[in-house]
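This report concerns only the one structure given below.
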Amino acid sequence: MAEKIGNKIIRLTEVGSTNTYLKENCDLLKQHGLVVLAEMQTSGRGRVGRKFVSLPAKNITFSVVLHPNLPLAEVQVFALMAGVVVARVLETYVDQIRLKWPNDVMVRGKKICGILLETITITEQHFPVLILGIGLNTKGFLIDYPKELQTVITTLEAEILRSSNAISESEAASYLENETVFQQLLKQLECCLEEFSYDAATTLRSENIIDGRTALLQEWLKRSQAIGRKVRSLNNVEELTKGSGTVGIIEGLTKEGYLRIRTESGQILSHVSGDILEIKEEK
């Protein structure tokens, strides 16, 4: 991974999906660090085909090509890394940020950012190439979004106004520039990739020093407040519809970035894919 993130940026006014754009232009996948940024996505996607709503000039929607040189079983961690990247940038503006496995960033319980990690195989690369898509709600207010989303999402501008009584809407808009936040995200992603590649064993001989992967997973866990939460692990849409699935307590993460859940029978399982629903304990 020699090239820096954002060394080349393709800027589009409108596109169906930045992830799809990269898959349809396979030659671009040869360039680690290449970024596709769109002012608006008309067919943005989340996990399992869910739709990501994008409004003109009110979101930051972009995708990054990554060559981590890791086998497929180990790339899930990059979705969690992206969550840490977004959280670090957002906390310079607002508080009460929480990460939700595997790809959501929440503020006060509402979704502000979605992440989509996809893998592609190309002949020039022995290991899978990653397309990391990020969609962040920066500007505007809930009234700007479809009615069915207004209770479940938020924007950075709305949260800045909520947290500061001394700032006006016009001041918030001028303070919050999409390009500035975008560059902050690219810089932080580069930092996280450098941290991830840090190998404590070859650098310092100390029991207190941990490798970069472990440090990032620990930061994700801390920011997610996930440990000890009772959840329902759903592996497919049918389980989600029926309200079935496996109930257990989150105990941590595997080194690959999957959730470790202790079931009610005491069995430890790794939640690799599917939804996680938090179970609220009755008081």
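Before we move on, is Pro128 touching a Phe, Trp or Tyr at 6+ places or on another chain (Cβ under 7 Å) and either in contact (Cβ under 8 Å) with a residue 40 or more places away in the chain or acidic (Asp, Glu) (or both)?
So Pro128 fails the test.
Just to verify a result, which residue in the stretch 258-276, among those that are of a type outside the set (Asp, Glu) and more than 20 Å from Phe78 (Cβ to Cβ), is surrounded by the most Cβ atoms within 10 Å (Cβ to Cβ)?
Among them, the one singled out is Ile261.
So, in the stretch 212-245, exactly how many residues are more than 25 Å from Arg262 (Cβ to Cβ) and at pLDDT 85 or above?
1
For the stretch 11-34, give me each residue that is polar (S, T, N, Q) and either without any contact (Cβ under 8 Å) to a residue 40 or more places away in the chain or within 25 Å of Glu194 (Cα to Cα) (or both).
Residues satisfying the conditions are Thr13, Thr18, Asn19, Thr20, Asn25, Gln31.
Considering only the stretch 59-109, state which residues are free of Cβ contacts under 8 Å to residues at least 12 places away in the same chain and in a loop (DSSP other than H, G, I, E, B).
Across the stretch 59-109, the qualifying residues are Glu91, Gly109.
The values are calculated or read from the model by the stated rules, or taken from the named source; none is laboratory data. Quantities reported herein were computed from a predicted structural model and do not represent experimental measurements. In this analysis, Cβ positions are derived from the backbone assuming ideal geometry, glycine residues included, and neighbour counts consider all displayed protein chains.
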